[in-house]
1. In percent, how large is the relative contact order of the chain, given Cα pairs closer than 8 Å and 6 or more residues apart?
2. Rounded, prolate or oblate: which fits the stretch 41-131, taking a ≥ b ≥ c as square roots of the Cα gyration tensor eigenvalues, rounded meaning a/c under 1.5, else prolate when a/b beats b/c?
3. Report, in whole Å, the centroid distance computed from the Cα atoms of the stretch 51-76 and the stretch 182-219.
4. If one takes the longest principal axis of the Cα atoms in the chain, at what angle in degrees, from 0 to 90 and to the nearest 10, does the Cα axis of helix 172-184 lie?
5. Between residue 184 and residue 18, 0.36 nm times their residue separation minus their Cα-Cα distance comes to what?
6. Grab the DSSP H runs of the chain that are 4 residues or longer, score each as -39,500 (n - 2.57), total them, divide by all residues and round the 222 nm result to the nearest 500 deg cm²/dmol.
7. With viscosity set to 1.002 mPa s at 20 °C, what whole-number translational diffusion coefficient in µm²/s follows for the chain from Stokes-Einstein and a Kirkwood radius over Cα pairs?
8. To the nearest 20 Debye, how big is the dipole of the stretch 79-227 about its Cα centre, given +1 on the beta carbon of each Lys and Arg and -1 on that of each Asp and Glu?
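Since every read-out is calculated from the coordinates, none of them should be taken as a lab result. Keep in mind it's a predicted model, so treat the numbers as computed, not measured. Every residue, glycine as well, gets a Cβ built from its backbone with ideal geometry; the counts of neighbours run over all protein chains shown.
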Amino acid sequence: MATRAQRTERRTDALSKERIVEAAIGILDTEGEKALTFRALSARLATGAGAIYWHVANKDELLAAATEDVVTRVLAGITPGADPREGIRALALGVFDAIDAHPWVGAQLSREPWGPALLQIFEGFGGRVQELGVARDAQFDAASALLNYVLGAAAQNAANARLVLPGAATDRSSFLGGIASQWAELDAARHPFLRQVAEELPEHDDRAQFLAGIDLILTGIDTARRAHG
């Protein structure tokens with residue numbers, strides 16, 4: 001007859017870090033970061049907290065692993081050998097869509113700027129910048145511009161998502177409509193641009209606007225590359 005220790009060891013082995021991360025992502029997506037506790041994970045996985053701690057030391061490590069899992073899947077979906085410009089666009093949009101589906105990823109990328117997930121993204125941009133033929137001494141700047149733009153958008157989208165979570169009293173359109181109304185009432189002398197674009201804000205396409213920013217950076221990179229021969 002198996003001892004209690006043997007049964008515990010089997011349960012721990014069967015659990016696996018992958019199952020824990022998958023369950024964590026489920027909680028994060030449906031209930032948000034505050035709901036991710038080891039007690040909630042234990043209930044979802046029908047196991048004890050000790051078995052989870054065997055694989056994951058703390059919540060920070062779990063968030064990092066969940067974020068890395070999402071980013072790894074983004075990278076796996078990009079066609080190898082594609083034109084580097086298209087590869088950059090695909091990577092940027094993949095990250096954008098991942099953060100749209102998992103807003104907590106944006107917050108985590110900003111919170112842990114040099115974690116494994118972000119390094120994967122940076123390497124993805126950097127490798128394609130090299131393929132574009134950018135001069136060696138300009139590659140770091142070019143890849144950093146792409147990364148910083150994506151991180152900025154990630155942080156903004158994550159913040160917006162917190163204000164219009166599913167089930168909240170205000171949806172995205174109403175939320176942006178409220179901001180647009182405020183912009184429309186701004187002083188015309190001090191804020192002429194914001195008053196001008198106020199009517200575009202509620203229905204603008206975040207994804208298309210994000211991609212337009214990537215294309216502007218790519219145009220700048222290409223212009224600089226030609227200027228340096």
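1. 17 percent.
2. prolate
3. Here the answer is 36 Å between Cα centres.
4. Once rounded, one gets 30 degrees.
5. So the extension gain works out to 54.8 nm.
6. -23500 deg cm²/dmol
7. Calculated translational D: 106 µm²/s.
8. Dipole magnitude for the stretch 79-227 comes out near 300 debye.
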